[in-house]
Every structure is written in C-alpha cells, then in structure tokens.
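Contents: one structure, followed by commentary.
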C-alpha cells in the first residue's frame, strides 16, 4: 500500500468513526488490534469507541495534521465537544472543551493493527479551570 | 530536503539534546520556533530544555517510533528516568518513572520551526501510585 493509498485508507477510517458505522469498522481495524500496548481486539476497540460517543455525544474526529510513511500514520486529532458527566476523571458535565490527541497507527494489510495514543488531558483540566473562574 | 535527509537531521537534533550541546541547538532549531502554539523562539526553547535537564538529571531522549513525511516528522519518544523534586506538578522525588511523548515537528530550511507535543503525564501519576502501594 503506497502513501496515498494509506492516507485514503486512514481518512476512510476516520469517516467510519464519525458515522459511528460500527458494522464497517472491521474493514479498517485488525481483529487483533493493540491499543497502547494492550491487545484489545476489534470488539474491544469498538466498545472503547462506543463508550467515547456515550461520554461525548457530539464527538467528532478532526484531523489537524497527518504524517504518513507506510506502514505508519501519525495524526494530530483535534476535538471540540461537550462531554456529559466525567471525561478522563474530570467533572466536565456539559462544558465545552477543546483538546488534542497525538496518535500513531501501524497498518497491516490495510487495517490498523497497533495504536499508540497520547491525549492532552491537561488541556481539558485547564479549560475547566478557565470556564469556572469563580470556583478556581 | 528529502525523507532520509530529514530523518538524519532529526537524529542529529536528538543527539544534540542528549549531549546538552546548547551551542549547537541553533543548527537544528529555528530562531522563531513555536512550541504548542506559542512562539517561544530559540532562546525560550533552550531554556525549556535546560530546565528539563535540571528537573531530570538523567534525562535521555530515545526515539521509539519515527514517521517522516517532509517537511514533517512525528516521533514517539520514550523516557525512563528519575526526576528530582516535582515533575508535571507530581511529587516524583527521585522515583524511577517511564512515560512517553508523542510529538510532531515541522521543519523549515532544515530546522525545527513548529512543535506540537503531548506528554503522557497520566503514566507518571500511575507509576507513582504503583511505586507507593502503602500510600495509595
């Protein structure tokens, strides 16, 4: 798979997430996918994403920066959303928060097989502090 | 600058950091470098790194994964170190901690001009919890 094919494939994956089209997820994600060092498999990956959309009903994956070098893709994803309840253990409760995720993907036969993600949770904490100046 | 030249350049930059060779930093970092959306410039960048080495005397930058697509490099850096005092606001005080940083660099004329980094601070908090079971 050359670079442009890999990029197209990745954009297809992101579209699949944003459509919450879980029946198509297996076209983009390997049955034995690992996430941050743990083999969670396709079903675990889907469960994680479904939980993300429950916590963040207006969740939308937006690619801010994409670096492709087959078989790897690195992406900076930006989120602008209003999670209900807690997010990353923080009491967000419907506050609008913006944060980013820097994430590496390895592909095998056109599917994501290994993911290393770091989410900027501190940015969420900072936004909460900023949005409630009287509580700080 | 083609892909291999960019990779060599980036490895040179990492070597420069590990040698703490601040007199050479300007060969690798642009005078007007931005870090996480702020224009800190070469002097601010150097001050940030010097502070990192003060906080973490045995700091060593190790590239775990490198994705290159000129003019961008994305790297997953791994750290295994024993910071003195506080790190990311956490009372590390000489405990050995391991954590990673997922970071994107944009190059201009062979120098880093824009950096977007997310450090896995939660991993440090988790390691501290793990290393002190009687305090948890």
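Once region A:82-93 is narrowed to residues that are part of a strand (DSSP E or B) and within 14 Å of chain B (Cβ to nearest Cβ), the residue that is nearest to residue A:33 (Cα to Cα) is A:87. If you go through region A:110-126 and keep only what is surrounded by 20 or more Cβ atoms within 10 Å (Cβ to Cβ) and outside any strand (DSSP E or B), you end up with A:120, A:124.
Between A:107, A:79, the distinction of being under 20 Å from residue B:120 (Cα atoms) and crowded, with 16+ Cβ neighbours inside 10 Å belongs to A:79 only.
A quick yes/no check of all residues on (1) within 14 Å of chain B (Cβ to nearest Cβ); (2) in contact with a helix residue (DSSP H, G or I) (Cβ under 8 Å, 6 or more places away or on another chain); (3) outside any strand (DSSP E or B):
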{"residue": "A:51", "(1), (2), (3)": "no, no, yes"}
{"residue": "A:54", "(1), (2), (3)": "no, no, yes"}
{"residue": "A:59", "(1), (2), (3)": "no, yes, yes"}
{"residue": "A:64", "(1), (2), (3)": "yes, no, no"}
{"residue": "A:68", "(1), (2), (3)": "yes, yes, no"}
{"residue": "A:80", "(1), (2), (3)": "no, no, no"}
{"residue": "A:95", "(1), (2), (3)": "no, yes, yes"}
{"residue": "A:103", "(1), (2), (3)": "yes, no, no"}
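Selection of region B:23-45 for residues being out of contact with any helix residue (DSSP H, G or I) (no Cβ under 9 Å at 6 or more places or on another chain) and part of a helix (DSSP H, G or I) yields B:23, B:41, B:43, B:44.
Read the figures in this text as sums done on the coordinates, not as results from a lab. Owing to the predicted nature of the structure, the values given are computational and were not obtained by experimental measurement. We place every Cβ from the backbone using ideal geometry, glycine too, and count neighbours over all the protein chains shown.
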